[in-house]
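Note sheet for the following structure.
The values are calculated or read from the model by the stated rules, or taken from the named source; none is laboratory data. Since the model is a prediction, treat every value here as computed from it, not as a measurement. With ideal geometry, Cβ positions are generated from the backbone for all residues, glycine too; neighbour counts draw on all protein chains shown. Just so you know, the surface numbers come from the protein's heavy atoms only, side chains and all, with ligands and any DNA or RNA stripped out. Shrake-Rupley method; radii C 1.70, N 1.55, O 1.52, S 1.80 Å.
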Amino acid sequence: MVSAIWNEAVIATSDETIVVEGNHYFPPAAVEFGLLEMSPHTSVCPIKGSARYYHVRMGEAINANAAWTYPEPSAGYEGIRDHVAFWKGVAVA
């Protein structure tokens, strides 16, 4: 079982993550979306395509752009469509 934890709160837990480039991508059903809020930030990965970001919010504490997803991943990466990955201090183990 893999979990994503920030500020002692579990944001996601799953035994069905997909690992790409060292990042665990959690299926949407495993993510507590009530702790995420959409960010205007985007980026483009030359391998996976365009990413959309989320802020992680715990009360007044916010971890800006600490989660991302690929709503329309590039060919060969369709398995991570809408899955969520974390970084920036979110512990994934």
ask   = How many residues are touching a strand residue (DSSP E or B) at 6+ places or on another chain (Cβ under 7 Å), of a type in the set (A, V, I, L, M), in a strand (DSSP E or B) and open to solvent by less than 80 Å² (accessible area, probe 1.4 Å) when one looks only at segment 17-61?
value = 6
task = Give the residues of segment 1-32 that are free of Cβ contacts under 8 Å to residues at least 60 places away in the same chain, more than 24 Å from S74 (Cα to Cα) and among the hydrophobic types (A, V, I, L, M, F, W, C), sorted by residue number.
result = M1, A9, V10
query = Is it fair to say P73 is open to solvent by 20 Å² or more (accessible area, probe 1.4 Å) and either in contact with a strand residue (DSSP E or B) (Cβ under 9 Å, 6 or more places away or on another chain) or part of a loop (DSSP other than H, G, I, E, B) (or both)?
reply = no
task = Tell me which residues, restricted to segment 33-59, are over 22 Å from E78 (Cα atoms) and either modelled with pLDDT under 95 or among the aliphatic types (A, V, I, L, M) (or both).
result = L35, L36, V56, M58, G59
request  = Only residues in segment 81-93 that are surrounded by fewer than 18 Cβ atoms within 10 Å (Cβ to Cβ) count as the first member; pair them with residues that are among the acidic types (D, E), Cβ under 9 angstrom, at least 6 apart or cross-chain, and list the lot.
outcome  = R81/E72
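Of all residues in segment 5-16 being among the aliphatic types (A, V, I, L, M) and open to solvent by less than 70 Å² (accessible area, probe 1.4 Å), which is farthest from Y70 (Cα to Cα)?
Among them, the one singled out is A9.
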